Every structure is written in C-alpha cells, then in structure tokens.
Amino acid sequence: MSISQIEKSKEERYQSLIKVIESLLCGEGRDIIADMANVSAAIHSEFGFWWTGFYRVVGNELVLGPFQGPVACTRIAKGRGVCGTSWAQERTIIVPDVDQFPGHIACSSESRSEIVVPVYSNDEIAAVLDIDSQYLNTFDEIDAKYLEQIVSML
Ligand code: SME
C-alpha cells in the first residue's frame, strides 16, 4: 500500500466523522459543553486515541473541559505546555515526540505524541482541543486540517 493510499483512508475516516459530527451538532438548543462532550467522544471512538478532550479558556488559564480518556490536569497557564503554547501562539501545534517539546505537561506517561488545535469564538480563542497518542508521530497536517474543520463547527 502506498503512502497516498494510507493518507486517503485517514482522510476518508475524517470525512465520515465530520458527517457524524454535523448531525450531532445540528439540533435545537445547542450547548457548548454538551457539544464538546459529543465531539470528543466521536473523535476518540473513531480513532482510538489515548486522550481526546477540551480545555476551556477561563480568565487567564485553561480549565479542563469535556474529555475522553484517563484523568488529566485541571488547569494550565497561558504559555505552559503544548496547550498553553497553542493558546498563546494562536496556532495548531503538532508534537511528534512529547519528550522533545520543552515544557510539555505530562498528564500521563503513556502519551508520546500530541496535537493541540485552538477553538475560536468571535475571533478569540475560547478553548483548545487536545489529542494525545500512545505512539510517536501520530499526527500530521491531515489531522490538523480536519480537526480545525471540526472545531470550527462548534
Ligand atoms: N500534555 C498537555 C497537557 C494536557 S494532557 O496531555 C491531557 C500539554 O502539555 O499541554
């Protein structure tokens, strides 16, 4: 199987996941916590990541939001760890090897690679989506592209 076929199948998985999330988020009475809970569960169950969840901006720090996976640290300062850096630098961050990221916050020793995607509301970052993998080099630009699309639906 060529690399392009592998990538295509990941793209196809994201494309069908996006259809599922569209249907989850189309109902009346949207609630951001409920929507984050279902989005984290939908991503987590499709790909079987180690940890999938949100940290919400509350004042000058990130506070743990809806997630799937083991327990995690509850508060992260702006600029700290991968999540706080994504917020401070206002960009998606892909970390192929968490041991190589200065200041990485190890909520779990099982986590080996990570992606953090900012969630915008009215042009401001309101949360970040954080996904951890037990394997090195799990995330790439395809994950970034589709995860950015997914969080824009919130
Ligand atoms: N590793 C993250 C902290 C959150 S946990 O992985 C769930 C970081 O460095 O921001």
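Here are some notes:
- Here residue 81 clears all of (1) on the phi < 0 side of the Ramachandran plot; (2) within 15 Å of the chain's Cα centre (by Cα) except the condition numbered (1).
- For the condition in contact (Cβ under 8 Å) with a residue 40 or more places away in the chain and buried (at least 23 other Cβ atoms within 10 Å of the Cβ), residue 140 does not qualify.
- Qualifying residues in segment 82-120 (those that are touching a Gly at 6+ places or on another chain (Cβ under 7 Å) and more than 14 Å from residue 133 (Cβ to Cβ)) - the one least open to solvent (accessible area, probe 1.4 Å): 85
- When restricted to residues that are within 15 Å of the ligand (Cβ to nearest atom) and in a strand (DSSP E or B), segment 109-154 contains 15.
- Every residue from segment 69-103 that is in contact with a helix residue (DSSP H, G or I) (Cβ under 7 Å, 6 or more places away or on another chain), more than 8 Å from the ligand (Cβ to nearest atom) and in a loop (DSSP other than H, G, I, E, B): 78, 79, 92
- Options 105, 76; residue that is touching a residue at least 24 places away in the same chain (Cβ under 8 Å) and either out of contact with any Asp or Glu (no Cβ under 8 Å at 6 or more places or on another chain) or within 19 Å of residue 154 (Cα to Cα) (or both): 105
The values are calculated or read from the model by the stated rules, or taken from the named source; none is laboratory data. All values derive from a computational prediction rather than experimental measurement. Every residue, glycine among them, receives a Cβ derived from its backbone with ideal geometry; neighbour counts consider all protein chains shown. We work out accessible area using only protein heavy atoms, side chains counted, and drop any ligands, DNA or RNA first. Shrake-Rupley method; radii C 1.70, N 1.55, O 1.52, S 1.80 Å.
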